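Notes to accompany the following structure.
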Amino acid sequence: MNHRHKYPTKAGRRSLSRSISQSSTDSYSSAASYSDSSDDETSPREKTQANTHGSSDFCVKNIKQAEFGRREIEIAEQDMSALISLRKRAQGEKPLAGAKIVGCTHITAQTAVLIETLVALGAQCRWTACNIYSTQNEVAAALAESGVSVFAWKGESEDDFWWCIDRCVNTEGWQANMILDDGGDLTHWVYKKYPSVFKKARGIVEESVTGVHRLYQLSKAGKLCVPAMNVNDSVTKQKFDNLYCCRESILDGLKRTTDVMFGGKQVVVCGYGEVGKGCCTALKALGAIVCITEIDPICALQGCMDGFRVVKLNEVIRQMDLVITCTGNKNVVTREQLDRMKNGCIVCNMGHSNTEIDVASLRSPELTWERVRSQVDHIIWPDGKRVVLLAEGRLLNLSCSTVPTFVLSITATTQALALIELFNAPEGRYKQDVYLLPKKMDEYVASLHLPNFDAHLTELSDEQAKYMGLNKNGPFKPNYYRYHCVVDND
């Protein structure tokens, strides 16, 4: 008879009857946040607040934290010089005058710099959060104080999340004509609930794998009635934000939540796209033993050449100390696989959506949820086995830590230029389809960031430009060119 080892359990576990949405209200990043006070459990929806200008067209945790948020924004501006440079160059022209932008992104100090840049360029903005855990409450307060109608706070429930989106879109005397989205939830809501607003929009800018996928689905079905810009697959977004940002933030998020030592740990990374490549590089550099799962033979071959073993998750799940998803898909880690994990296995997601890990299946009577610290839950099986779930399966880096400001400057500059391009494009340039950012703009975004490194570009001579068939000022690569990133695993 096989006697299974009974792991020690702890009295006073969190019962399942305490709703997950309730527990999310006291969840906040270990990053400094002045406004996350556990002594204020009142929902922002139940508060009456006004900024110093008398406006109450916002809903944030605590408007009194605006001063702290302003300091955070000012710190972010120091490492976002390219975006500030764009703001200074274009604010005289006001290229977004008349633009009414409704946005759904992470609300952090870095995105606040983007939002305030759009306002400086002439836009009116209403904003909400694309993730219930990533909002920096003091930054949301600072935006509300400055006059931006922002509806977001850290630890929203699912109902709060959709309420905030609706408040951004549905307001008297104001109709959005541009959408900036991260994940596709805002676009989906406007398409379903406000079709007249959707049809009259000048354009959509989307920055995530998940959101872009949803746009292509609409386009394929013939239901996309406005032009959309796929920022996610622009070179400056994919090669810098997705790879270099995740290479650093994966470690930050894991360390802040678990204090785990990576040396010698068995790790499986599900997905070897740009995000997966960044995660694998960082983990291997610290001595973790990393393998990957992939559906794409090209990405799988890249993984093999980079020194990673390509496996099926079921083959290795029992041995893994850490499971990371970054595919953008659903049910990548199933309940059956969660049942087979060993005691103490850490499970987290680096993709945009919370669909990759089957968290819903863990909310069952036979399992106990125990909140250990902010954004860290122990899921306890009847035999005492514990699996460590981070951020309830939501995006790890922005839920549990922060991300490098400089990389976000690259993405934010790309988003700003995409909005300017779509809003000012002459009629007929863009049809009802999904487009990539023009190559010339990608190069311009990169050039704005080179001064940070005191980098000096070589210029082509007339003879060289003629020989290569190029314009001396670019673009320097054809649209089909693939910018390969060298992944250093030493």
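Just the number: Rg to Rh for the range 47-159, Cα atoms, Kirkwood Rh, two decimals.
0.96
The length gained by stretching the chain between Ser196 and Ala300 to full extension, at 0.36 nm per residue less their Cα-Cα distance, is 33.1 nm. Within the accessible surface of the chain, defined with a 1.4 Å probe on protein heavy atoms only, the carbon and sulfur portion equals 51 percent. Size check on the range 379-490: the Cα extents along the three principal axes, sorted descending, read 74, 45, 26 Å. On the beta carbon distance between Met468 and Ser56, with R0 = 60 Å, the FRET formula returns roughly 0.55.
Quick check on the range 90-148: what does the Kirkwood estimate of hydrodynamic radius come out to from the alpha carbon pairs, in Å?
11.6
For Val150, the residues whose amide H sits under 5 Å from its own are Cys59, Trp127, ignoring neighbours fewer than 5 places away on the same chain, with H placed 1.01 Å from N.
With a cap of 14 neighbouring Cβ atoms within 10 Å, and only residues DSSP puts in a loop, list the trypsin sites (Lys or Arg not before Pro) found in the range 279-335.
Here the trypsin sites (Lys or Arg not before Pro) that fit, given the DSSP loop and packing criteria, are Lys312, Lys330.
Counting only Cβ charges, +1 for Lys and Arg and -1 for Asp and Glu, the dipole size of the chain around its Cα centre is about 960 debye.
Where q = 0.11, 0.16, 0.17, 0.21 Å⁻¹, what log10 of I(q)/I(0) comes from the Debye formula for the range 290-425, counting one point per Cα? Result of the Debye calculation: -0.51, -0.91, -0.98, -1.26. Each 20 Å bin from 0 upward holds the following percent of the Cα-Cα pairs of the chain: 23, 56, 20, 1, 0.
Between Tyr481 and Arg318, the simple spin-label model (points 7 angstrom out along Cα→Cβ) gives 5.1 nm. Per residue, the solvent-accessible area of the range 313-442 (1.4 Å probe, heavy atoms of protein chains only, all protein chains present) comes to 35 Å².
Work out the FRET efficiency for Arg363 and Asn343 from their Cβ-Cβ distance, taking R0 = 22 Å, and round it to the nearest 0.05. Numbers along the way, then the final one.
Details: r = 20 Å, r/R0 = 0.92.
After rounding to 0.05, the efficiency reads 0.60.
Dividing the alpha-carbon radius of gyration of the range 152-245 by the rule-of-thumb value 2.2 N^0.38 Å gives 1.14.
Sorted largest first, the principal axis extents computed over the alpha-carbon atoms of the range 206-324 equal 52, 29, 24 Å. Less than 5 angstrom separates the built amide H of Ile346 from those of Leu322, Val323, Val388, all sequence-distant by 5 or more or on a different chain. Using C-alpha pairs under 8 Å with a sequence gap of at least 6, the mean separation divided by the residue count of the chain gives a relative contact order of 17 percent.
Highest average first, the peptides 394-406, 418-430, 435-447 ordered by how many other beta carbon atoms sit within 10 Å of their residues are 394-406, 435-447, 418-430.
Once R0 is set to 35 Å, what does the formula 1/(1 + (r/R0)^6) return for the Cβ-Cβ distance between Asp454 and Thr171, expressed as a FRET efficiency to the nearest 0.05? According to the calculation, E is roughly 0.15.
The values are calculated or read from the model by the stated rules, or taken from the named source; none is laboratory data. On a predicted model such as this, the values are computed, not experimentally measured, just so you know. So basically every Cβ, Gly included, is an ideal-geometry build from the backbone, and we count neighbours across all protein chains shown. The protein model used for the area step is the full one, side chains on, heavy atoms only, and it has no ligands, DNA or RNA in it. Shrake-Rupley method; radii C 1.70, N 1.55, O 1.52, S 1.80 Å.
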